[in-house]
Amino acid sequence: TLSRPLGHLLNLPVIHLDAILWQPGWVLVDKPTQQSLQQQLISQSEWIIDGNYGSTLPIRLAASDTVIFLDYSRWVCVWRAVKRIVSYYGRVRPDMAAGCPEHWDWLFIRWILLYRETHRPKVLAAINQYRAERQVFILKKPSDAKHFLQQLTSNHTHSD
């Protein structure tokens, strides 16, 4: 809900990590392949990379000039995941790899529920390592993302 309009507004390619790191049948590529693919992605001159994948976050952070972290509540994230599952159930969503139809996944829901305790502190620590040299935006709720896009649209329109 943020990367596509952001890419359109800034005329930048949007890369969904889910679309490149999964193979048909919900098989995640191995870590060396994840790293290699992301090294290739960041070698491009401009990009927006959408995705979590904490183990390769340092690759993206080191190459970025701007970091946007959607720090939404667990309940917003669960609600959006359930809504996405219902909307695309049995079909491949646009930001996912071919051969990975949407399905109910209790492990994923559990991952979302535990994210704030298990992964979020590591992500914030990694972002903080680069904060001095990067623009960092931590958006706490969907309305923050909407406002961010509105501000960017306004600034972009006035600078043309």
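Return the residues of segment 106-118 that are surrounded by fewer than 14 Cβ atoms within 10 Å (Cβ to Cβ) and either more than 21 Å from Val27 (Cα to Cα) or touching a Ser or Thr at 6+ places or on another chain (Cβ under 8 Å) (or both); say none if nothing qualifies.
Residues satisfying the conditions are Leu114, Glu117, Thr118.
Name the single residue that is farthest from Tyr53 (Cα to Cα) among those in segment 80-124 being assigned to a helix (DSSP H, G or I) and of a type in the set (Gly, Ala, Ser). Explain how you work it out, then say what you get.
Going residue by residue through segment 80-124, those that are assigned to a helix (DSSP H, G or I) are 80-88, 106-118, 120-124.
Those still in the list that are of a type in the set (Gly, Ala, Ser) too: 81, 87.
Working: Ala81: 17, Ser87: 24 Å.
The residue in question is Ser87.
Quick grid of which residues meet (1) open to solvent by 60 Å² or more (accessible area, probe 1.4 Å); (2) at pLDDT below 95; (3) part of a loop (DSSP other than H, G, I, E, B); (4) among the aromatic types (Phe, Trp, Tyr):
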position	(1), (2), (3), (4)
Gly25	no, no, yes, no
Thr33	no, no, no, no
Gln40	yes, no, no, no
Ser45	yes, yes, yes, no
Leu57	no, no, no, no
Arg60	no, no, no, no
Tyr72	no, no, yes, yes
Trp75	yes, no, no, yes
Val78	no, no, no, no
**Message:** If I go through segment 50-74 residue by residue, how many of them are within 12 Å of the chain's Cα centre (by Cα) and within 17 Å of Pro13 (Cα to Cα)?
**Reply:** 5
**Request:** Count, please, the residues in segment 126-147 that happen to be more than 18 Å from Ser73 (Cα to Cα) and of a type in the set (A, V, I, L, M, F, W, C).
**Result:** 4
**Message:** Pairs needed: first member in segment 80-105, farther than 10 Å from Pro24 by Cα and open to solvent by 80 Å² or more (accessible area, probe 1.4 Å); second member anywhere, assigned to a loop (DSSP other than H, G, I, E, B) and not charged (D, E, K, R); C-beta distance under 6 Å; at least 6 residues apart or different chains.
**Reply:** Arg91/Pro101
**Fill in**
All conditions in (1) within 15 Å of the chain's Cα centre (by Cα); (2) among the small types (Gly, Ala, Ser); (3) open to solvent by 70 Å² or more (accessible area, probe 1.4 Å) are true of Ser3 except (3)
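The values are calculated or read from the model by the stated rules, or taken from the named source; none is laboratory data. Remember, it's a predicted structure, so these values are computed and weren't measured experimentally. Virtual Cβ from ideal backbone geometry, glycine too; neighbours counted across all protein chains shown. Side chains are part of the model used for accessible areas, which takes the heavy atoms of the whole protein and leaves out ligands, DNA and RNA. Shrake-Rupley method; radii C 1.70, N 1.55, O 1.52, S 1.80 Å.
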